[in-house]
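The values are calculated or read from the model by the stated rules, or taken from the named source; none is laboratory data. Bear in mind the structure is a predicted one, so any value in this text is a computation, not a measurement. Glycine gets a Cβ as well: all are built from the backbone with ideal geometry, and neighbour counts include every protein chain shown.
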Amino acid sequence: MNKFHGTGVALITPFNSDGSVDHYGLKKIIDYTILGGVEYLVSLGTTGETATLSSEEKIAVWETTVDHTAGRVSLIAGIGGNNTAKVIHDLKNFKSKGFDAVLSVSPYYSKPTQEGIYQHYKAIADVSELPLILYNVPGRTSMNMTADTTLRLAHDFKNIIGIKEASGNFDQFNTIIRDKPEEFLFISGDDALALPLISMGAVGVISVIGNALPGILSTMVRMCLDGKFIEAQPLHFSVVEITNLFFAEGNPGGVKSALKLLDICGDHLRLPLVNVSPETKELIEAEIHKLNLIQ
């Protein structure tokens with residue numbers, strides 16, 4: 001699974017002013033991130049505003065992503081939810097050609113017990129044709145998947161190959177990395193924690209800021225994977241402020257504002273998400289100029 005070592009980008013879904021999916025903009029983002037040096041892309045994770053897309057729109061986004069990527073980097077599809085039966089249905093009907101794995105978020109809103117989370121992933125692992133990567137993000141799901149549950153799944157299912165961990169809990173990180181199977185991938189789910197987590201044994205990051213800053217981020221991550229943490233620190237610290245700004249008013253509003261400033265795609269979102277305030281947009285633009293991304 002070395003194809004998932006390094007920087008993965010959780011792609012945004014660009015929209016036109018009429019609310020339709022902007023496939024031309026999606027192609028521009030794919031080219032921009034790949035040229036920036038990232039190792040793989042995640043299509044329709046939570047950053048992709050997936051909850052607001054119809055089944056037909058999701059299929060079209062996946063088709064565009066596979067066709068335009070054309071094998072240049074590895075691809076992961078985001079397929080998850082809090083209705084286990086629907087996730088199973090979606091996996092059984094997913095046209096997996098061109099994709100290398102599935103990223104599946106832990107059930108949200110329903111707040112299942114740890115046994116419920118385990119049984120949910122067991123049910124989808126039993127039907128998935130592709131390897132599965134768990135996604136723990138309690139800030140969105142309202143329920144943390146504990147280290148014990150993660151390790152139980154990692155040891156019980158060979159096709160569960162890793163986790164995107166975004167709990168922010170270093171005790172949990174320590175336990176998972178210490179006790180996981182050797183081949184099980186621990187991937188940072190937080191841009192700001194990529195450097196320290198790689199020092200602990202993570203294999204990289206699935207990133208939001210990589211949509212707008214693929215070159216800086218992927219260079220920093222590769223340096224860390226090579227053990228050059230001191231050399232990577234200036235790059236790490238250079239994006240601290242803009243990372244905070246990208247999330248200040250919710251994701252992906254911040255990174256979409258940057259992509260518009262970079263002339264890659266528009267900054268349209270679907271309700272209930274709205275654009276960042278003019279004040280935040282101005283601060284993001286100032287940081288982009290500091291990073292010399294606009295000439």
Residues that are outside any loop (DSSP other than H, G, I, E, B), surrounded by fewer than 20 Cβ atoms within 10 Å (Cβ to Cβ) and modelled with pLDDT of 95 or more, drawn from region 126-143: Pro138
Of the criteria (1) in contact with a Ser or Thr (Cβ under 9 Å, 6 or more places away or on another chain); (2) closer than 28 Å to Val38 by Cα, which one Gln114 fails: (2)
Subset of region 263-279 that is surrounded by 13 or more Cβ atoms within 10 Å (Cβ to Cβ) and without any contact (Cβ under 8 Å) to a residue 60 or more places away in the chain - its residue that is nearest to Ile30 (Cα to Cα): Asp267
Failed condition for Tyr135, given (1) more than 25 Å from Gly250 (Cβ to Cβ); (2) touching a residue at least 40 places away in the same chain (Cβ under 8 Å): (1)
Within region 31-47, tally of residues that are closer than 12 Å to Leu259 by Cα and under 16 Å from the mean Cα position of the chain (by Cα): 1
Filter result (surrounded by 15 or more Cβ atoms within 10 Å (Cβ to Cβ), modelled with pLDDT of 95 or more and more than 19 Å from Asp263 (Cβ to Cβ)) within region 1-20: Phe4, His5, Gly6, Thr7, Gly8, Ala10
Condition met for Leu26 (in contact (Cβ under 8 Å) with a residue 40 or more places away in the chain and either in contact with a Phe, Trp or Tyr (Cβ under 8 Å, 6 or more places away or on another chain) or over 23 Å from Ser96 (Cα atoms) (or both)): no
